[in-house]
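The values are calculated or read from the model by the stated rules, or taken from the named source; none is laboratory data. This is a predicted model, so every value here is computed, not measured. All Cβ positions, glycine included, derive from the backbone under ideal geometry; neighbour counts span all protein chains shown. Side chains included, ligands, DNA and RNA excluded: accessible areas come from the protein's heavy atoms. Shrake-Rupley method; radii C 1.70, N 1.55, O 1.52, S 1.80 Å.
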Amino acid sequence: MGVKDILVHLDGAAPGPRLALAADLAQRLGAHLAGLFVVDVPLPVIAAADGGGGLALASLLEELRAEELAKAARGREAFEAALGPLGLAGEWRQEEGAALGILPRHARHADLLVMGQPEPGEAAAMALLEATLFASGRPLLLVPHAGAPARTGRRVLIGWNASREAARALHDALPLMAGAEAVTVLVANPEDTPGAHGEQPGADIARHLARHGLPVAVEVVTNRELGAGELLLNAAADLGADLLVMGGYGHSRLREWVLGGATRTLLREATLPVLMSH
């Protein structure tokens, strides 16, 4: 089955790159595009007997809410402007509440979630991105805040370690790779996972991709000096890739997700669109 529902998350940051990619994918794949903005400001609570402090807090929270509503209005304007010229079917969604719960819920009713990469230092936005990757159950296309291409899926790099997460990400990315000019499977340090790759690391998954009509090549790299995330980013730059596909790795500890090293690196330092699945 193909991608028929795409959800793009808007949050007040510059929406241009992620909107452009989401709209292009919706047009190419014949998908419905929805834009979601979550007004995530606590409802004001007025303390009656605190000498007026509760009223001041309520006033502050209302100001913050008004700012978020203004951002939502600008996001909707940009979203509708992106749809119009392409004649795309789409809808605007807006909710108030905790984004940590609302965004994954909406994502579960889509085939693909598109999110923007937070700027450095935006801790809350990064926490939302990380939580949604693991909680949504859907593939997440991360769009870098700078240098994102207008189209993705022509030259694809796949980070392959033969894990469950990598297999799921690759399957989720197949519709985006249709018609690709070049697909490279990168296997880094295969000796670290003995028995996972078969006799020839990368050969089995390359045959699978070739049966999908994709022009695929395999690169096996042994490098102990760089982490997997750095290896993938370097390879993507060398190949001129416009899409990186990889599993999203992490484990839950005391109700918080602890990210794997490569996942953490790519979420923070990606220089090209990255499709991750967990």
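Below are the figures for this structure:
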read-out	value
Distant-in-sequence amide H partners of residue 39 (H built 1.01 Å from N, under 5 Å)	95, 96, 97
Karplus-derived 3J(HN,Hα), 6.51/-1.76/1.60, for each residue of the range 23-40, Hz, glycine and proline x	5, 4, 5, 4, 5, 5, 9, x, 9, 7, 10, 10, x, 10, 10, 9, 7, 9
Cleavage-rule hits (trypsin sites (Lys or Arg not before Pro)) in the range 80-144: DSSP loop, at most 16 neighbouring Cβ within 10 angstrom	108
Accessible-area ranking of 214, 100, largest first, probe 1.4 Å	100, 214
Compactness relative to 2.2 N^0.38 Å, alpha carbon Rg of the range 120-278	0.99
Heavy-atom accessible surface of the range 125-237: percent carbon and sulfur, 1.4 Å	51
Note, ³J(HN,Hα) from phi for the range 161-175, Karplus 6.51, -1.76, 1.60, rounded to Hz, x at Gly and Pro	10, 6, 8, 4, 5, 5, 5, 5, 4, 4, 4, 5, 8, 3, x
Kirkwood Rh, angstrom, the chain [1 / mean 1/r, Cα pairs]	19.9
The range 231-243 - phi-based ³J(HN,Hα) in whole Hz, Karplus 6.51/-1.76/1.60, Gly and Pro as x	4, 5, 5, 5, 5, 4, 5, 5, 8, x, 5, 10, 7
More than 13 Å apart - percent of Cα-Cα pairs taken over the range 52-116	75
Charge-dipole axis of the range 127-278 as Lys and Arg at +1 and Asp and Glu at -1 on Cβ define it, positive-most pick from 150, 197, 208	150
Heavy-atom surface of the chain, accessible at 1.4 Å and reported per residue (Å²)	48
Amide H partners (placed H, <5 Å) of residue 219, local residues excluded	185, 186, 187
Label-point separation in nm, residue 108 to residue 226, each point 7 Å along Cα→Cβ	3.9
Helix-only mean residue ellipticity at 222 nm for the chain, each DSSP H run of n ≥ 4 adding -39500 (n - 2.57), per residue, nearest 500	-13000 deg cm²/dmol
